[in-house]
Amino acid sequence: MTTQRTQDDLGRPLPPSEFRAATEAIVANIERVIEGKTATIRLALAVMLAEGHLLIEDVPGVGKTKLAKSLARSIDCSVRRIQFTPDLLPSDVTGVSVYNQEVRDFEFKPGAVFANIVVGDEINRASPKTQSALLECMEERQVTVDGVTYPLQTPFMVVATQNPIEMEGTYPLPEAQRDRFTARIAMGYPDAKSELAMLDGHGAEDPVLDLLPVSDAGTVRRLIATVREVHAADAVRQYAVNLVTATRESPDLRLGASPRATLQLLRTGRAVAALDGRDYVLPDDLQSLAVPVLAHRIIPTAESQLSRRTTDAIVADIVRRLPVPTDRHRSPYDTRGQYDPGRR
Amino acid sequence: MTQRRHVTLVAAAATLLAALPLTSVFATWTWFVDALIVVITTTGVALVVRNLRVASWIPTAAMALALLFVLTWVFHSGHELLGLIPTPKTFAHFNELLVSAGTDMRDQGVPVADRQGLLFLSTLGIGAVAIVIDLFTMVLRRPALAGLPMLAIYSVPVAVREDSVNVLPFAAGAAGFLWLMATDNVHRVRRFGRRFTGDGRDVSAWEPSPLAAAGRRLALVGVVIAVTVPMAVPGSNAGLLDRFGPTDGSGIGNGLGRGGNGASVDLYAVLSGELNNNRTFDMVKVQTNDPNPYYLRFGVADEVTPAGFRNRRPGGGLAATANLPGPTAQQGPGVALRPYHAQVQIVALNMNTLPVYLQPTRTSSLDSSWFYDRNDQLIYSRQSSSRDKKYGFDYVRAEYSPEALREAGALNADDPIQRQYTAVPRIPEVERRLAQIISGKFTPYDKVRAIHSYFSANNGFRYSLETKSGTSGSAIVDFLNNKQGFCEQYSAAMAWLVRAAGIPARVAFGFSRGNSQSGDTWTLTNRNLHAWTEVYFERFGWVPFDATPATFVGGVDSAWAPDPNRPADVPGATAPRDDLPIPGGPDQAAAAGPTSDPRQDRFGPDGNGATVTPPASPVPIPTTLGVLAALALLLVPALWRALLRRRRRPDRIADPRVTGASAPATRSAGGADLVVADDAAAGLARRRAHAAWDELIDTMVDYRLPLDLASTPRATSEHLVKTAALDEWAATGARLLGQAEERARYARQPLRSDDLTGSLRAVRDAIRQRVSWRTRLRAAFLPASVLSRWRAAAGEATTRLTVAVSERRDSLVRVLHPRRLLPGGRR
């Protein structure tokens, strides 16, 4: 993501206590709908605060759409939902210019993307043509129709869901599109207790409908501003670069992660650190994010595919083997230092 | 099968190449002809038998059988069936040959002539080696092991020759070995199938693989190092007193070039060998009418080279059957000349000289193959041997009075004798000592006497068949320092010093007086072998001096050279015969009678009261020091670790900016100062955290706790808590350390905690309680963190060196590449 040029200013960063209160309110709100998935929820929120887009990929019925919807509803901002179908057209997504008889001119009717949060359900069911309509807005946060460019608001987040099991009648996301998603998360099945609690809560009616917003677009903008202030030491930046470089050099991979991935990795790392109450990023943050942020962008070699190694496993392997850099080169206490996990 | 046949042939060739070093042992090439026959036969038999595709052990057995037949054919005793089939008499003959080889090895100096025993031994050895090499190469398929028997051959000349062995035979042997290895490897590779290049071209079997170049280079470097490194090591065989070889045999070239009887005895080898022989046997019986015979001599060493005293081959060509020139000295005051006759029977002596007394005048019972060397006063032969000889000779025994000798002046500088017999390498240490010994002496005789007396027990010289090796690099200096040796050292050292004083001298070899049981018959055993010094005086000729303590060798005292170990000397006596020491007198009886075994009374008091005490066992200070040093060396890693731990204690790490100078205090108050001070404090906290963390990691390494290089401090400390099962208190400490390090590394502001030292100690104590005592011990004395760090440092240094060397080499190659010299520039 290149330098963010947005219409409206982000506002001042929040002090830590307010940041904590605001984010915990959002997380708690979503947890009322989706039980026992705190980590996933926090990750989704982190992606939002990192100004990224989220791809939720899992089998049907584990609450993908619910997570997307509850995240959207927890924030008092414009939310649009697109149900991706095979006959969906790009103009349905971006908007279309129609002729206005009164003013005798073409008038732009904004599409579904003109909102703070866009929920794209079953995104792989639309044709690549329609999917491509999202390319510009996700990366550049603007829509160009008929030669006129319309900027989008901040925050702007695309939360898409897709089903990896059902392949009939679906169009796999093109690589360019996948790369635009900051993170891909899987919901996973709830544990027994959570599922039991779910039966109670969801028995009568959809709890999403009862969900009230606990935040608003302005607050989220200030949250984003706070995240941008989080300190990333040189060693951490170096570590992000090393991680992404390692995917490019891995013999198991045909395609490594892009420089955009590096940026988004560090950005999401900032958000996670902030959510954790820190004002500095740790390599631990990047380690925990490596699989969600990197795994969906890379393409394994035919050999890895044949040996059934998933990209998740390959990335996790890289993380396990890559030494963590430090900002120290040679401290005076350790002139012959070599047996040091941090020193490279 | 063709391939394997090829390897067999290479193995045979390698055997012959490996046998080449024997050229420096033998004077002729006869041994090589025998070796050729035996190797060709055994290899041929192996090839034929292998073609029959029999069990793998059969060719080896066939080779052994072939070796037996070849030996029977070449070294036949005349009792074989068809000249080939060995009979019991053949084996008895072989046994005789081996026995004679044993004697020859003891008696003969290198290079030896074609002696049947030695030829038999070498042929047998080479045949056996050929079989063993074939076994290793063809049956066991481990050609690298073939290097061992090859080395066994090579060790023979190394052990026999006391000077260094020529490089070329060694290089030839090494080349043979490498050839064998390379051939075997090519066949090994070929077993995988045909080789192709990347573009599909078929590769010839003999085209080297890309790795072969590296192998060749390694081999070349190995051989070059093996040849050059010993040259660089300072040799201790410079100026050796106890070594000397025949003049005509210092290298294989000489030994091979001369025909005839090139054999000559390495007299020093005979001497030390026989004196150390446990068995005492009679060598010579001599009957003389001289009541007080001096030493019987059979050799002279008069050449000093940097390698020590050596004997020339006798020459001069005076027929021994004719009348021999008489003594140099004339009868007169102080000189008594008395003619005597001696009859010699050789019991066990095999040389090309005959033992005679000084100044023989006429011989009997000798054929015309014997000649007389006027200079050396030796009877020698080019063809005959002294073995079992019986002969008689007349001789003149001269006795001199000290006064008469004292009148002898120095020889002219251009006198041939003066020139020939005073040449000696100049060694400053020897010169210095000599100057002390002869200070205040003016006549040659006085100087010689001073030198002679110098080698007495009073000066600390001790007789011992065991010599101590020294460190000076020069054997004479070693002897003068160690003062321990036997007649070899005494005689050569005295000759050396006398020569250094400018007086002609040489070393004579022979027998001391020996045992007399029946009046005039003296029995000389191997224990009577002896070496002494002869000094040339103008008008008197060669006068013997024996610096070796007479008690130990059955020495003969003389008026002109009394035993310096005798307290009561009788100088000044003129030389009428009555004043001469009485033969068979009490002191002589003690020396010459029952003391034929020098070992027996080595520790006993001699007849003259001059006791020679056995060497007091030295206080083993070097051993103690060595053990202490080793212990200290063992403690070094532990000390190093303790030092490191001390330096890393967080509370000992001070801020240099704060402690160095009170700069912030002197500066004007203001916000800027606060920031500076704050930065300093942050830096200090960072360094403390880093130091504590480094110490924690090293502790984990020392106690063999698993460590993951890809772990962050947080993960590492969590992992430590889990694996070491730390208690609550220690776990908190470990987490604190991890947090401190993490914030020091990654956060804007480091964690400021004063508790790092305590946490560190808590964690360390907790870990110590968890691990076994063995791990604790190892962590204390052989801390893995320190050792691995040293290892890594060494590895790094090696890498740097390698890189530097290869860079130099590359630049050299660029400069010196022959392509640059080709016309057309650098194509």
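Tabulated data
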| quantity | calculated |
| --- | --- |
| Meets criteria (touching a strand residue (DSSP E or B) at 6+ places or on another chain (Cβ under 8 Å), in contact (Cβ under 8 Å) with a residue 60 or more places away in the chain and more than 16 Å from A:Arg221 (Cα to Cα)) for A:Leu71 | no |
| Pair list, Cβ under 6 Å, 6 or more apart: the range B:676-696 residue without any contact (Cβ under 8 Å) to a residue 24 or more places away in the chain, other residue part of a helix (DSSP H, G or I) | B:Ala677/B:Pro664 |
| Breaking point among (1) touching a helix residue (DSSP H, G or I) at 6+ places or on another chain (Cβ under 6 Å); (2) modelled with pLDDT under 90; (3) facing chain B (nearest Cβ under 9 Å), for A:Val281 | (2) |
| Criterion violated by B:Ser753 - all others in (1) in a helix (DSSP H, G or I); (2) more than 14 Å from every other protein chain (Cβ to nearest Cβ) satisfied | (1) |
| Pairs, first at positive phi in the range B:114-128, second in a helix (DSSP H, G or I) and at pLDDT below 90, C-beta under 7 Å, six or more apart | none |
| Verdict on B:Phe442 being under 19 Å from B:Val543 (Cβ atoms), hydrophobic (A, V, I, L, M, F, W, C) and surrounded by fewer than 17 Cβ atoms within 10 Å (Cβ to Cβ) | yes |
| Matching residues, the range B:700-730, being away from every other protein chain (no Cβ under 14 Å), in contact (Cβ under 8 Å) with a residue 24 or more places away in the chain and part of a helix (DSSP H, G or I) | B:Trp729, B:Ala730 |
| Set A:Glu57, A:Glu51: member being surrounded by fewer than 23 Cβ atoms within 10 Å (Cβ to Cβ) and assigned by TED's automatic domain parsing to the domain that holds A:Phe114 | A:Glu57 |
| Residue list for the range A:260-278, filter: surrounded by fewer than 24 Cβ atoms within 10 Å (Cβ to Cβ), free of Cβ contacts under 8 Å to residues at least 60 places away in the same chain and away from chain B (no Cβ under 14 Å) | A:Thr262 |
| Set B:Thr23, B:Thr8, B:Thr15, B:Thr43: member being over 22 Å from B:Leu119 (Cβ atoms), assigned to a helix (DSSP H, G or I) and in contact (Cβ under 8 Å) with a residue 40 or more places away in the chain | B:Thr8 |
| Yes/no for B:Leu82 being of a type in the set (A, V, I, L, M, F, W, C), surrounded by fewer than 18 Cβ atoms within 10 Å (Cβ to Cβ), under 25 Å from B:Val33 (Cβ atoms) and modelled with pLDDT under 85 | yes |
| The range B:681-699 - residue that is of a type outside the set (A, V, I, L, M) and farther than 20 Å from B:Ala762 by Cβ and, of those, nearest to the other protein chains (Cβ to nearest Cβ) | B:Arg687 |
| Counted residues, the range B:743-767 - those being touching a Lys or Arg at 6+ places or on another chain (Cβ under 6 Å) and farther than 30 Å from A:Gln238 by Cα | 1 |
| All positions within the range B:437-463 that are under 17 Å from B:Lys483 (Cβ atoms), in contact with a Phe, Trp or Tyr (Cβ under 9 Å, 6 or more places away or on another chain) and part of a helix (DSSP H, G or I) | B:Ile437, B:Ile451, B:His452, B:Tyr454, B:Ala457 |
| Residue pairs meeting the criteria (Cβ under 6 Å; at least 6 apart or on separate chains; first assigned to a helix (DSSP H, G or I), in the range B:800-817; second among the hydroxyl-bearing types (Ser, Thr, Tyr) and at pLDDT below 90) | none |
| Total residues in the range B:389-409, condition among the acidic types (Asp, Glu) and in a strand (DSSP E or B) | 2 |
| Those residues of the range B:26-38 which are in contact with a Gly (Cβ under 7 Å, 6 or more places away or on another chain) and either assigned to a helix (DSSP H, G or I) or at positive phi (or both), in sequence order | B:Val38 |
| Residue ID - surrounded by the fewest Cβ atoms within 10 Å (Cβ to Cβ), chosen from residues in the range B:410-426 that are hydrophobic (A, V, I, L, M, F, W, C) and in a loop (DSSP other than H, G, I, E, B) | B:Ala413 |
| Residue match in the range A:180-193 (condition: within 15 Å of A:Lys69 (Cα to Cα) and assigned to a loop (DSSP other than H, G, I, E, B)) | yes |
| Residue within the range B:777-799 that is away from chain A (no Cβ under 14 Å), hydroxyl-bearing (Ser, Thr, Tyr) and within 17 Å of B:Met700 (Cα to Cα) present | no |
| Residues being buried (at least 17 other Cβ atoms within 10 Å of the Cβ) and within 29 Å of A:Val59 (Cα to Cα) - total across the range A:91-132 | 21 |
| Matching residues in the range B:522-542 - criterion: being in a strand (DSSP E or B) and out of contact with any helix residue (DSSP H, G or I) (no Cβ under 7 Å at 6 or more places or on another chain) | B:Trp522, B:Thr523, B:Leu524, B:Thr525, B:Glu534, B:Gly541, B:Trp542 |
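The values are calculated or read from the model by the stated rules, or taken from the named source; none is laboratory data. All values derive from a computational prediction rather than experimental measurement. We place every Cβ from the backbone using ideal geometry, glycine too, and count neighbours over all the protein chains shown.
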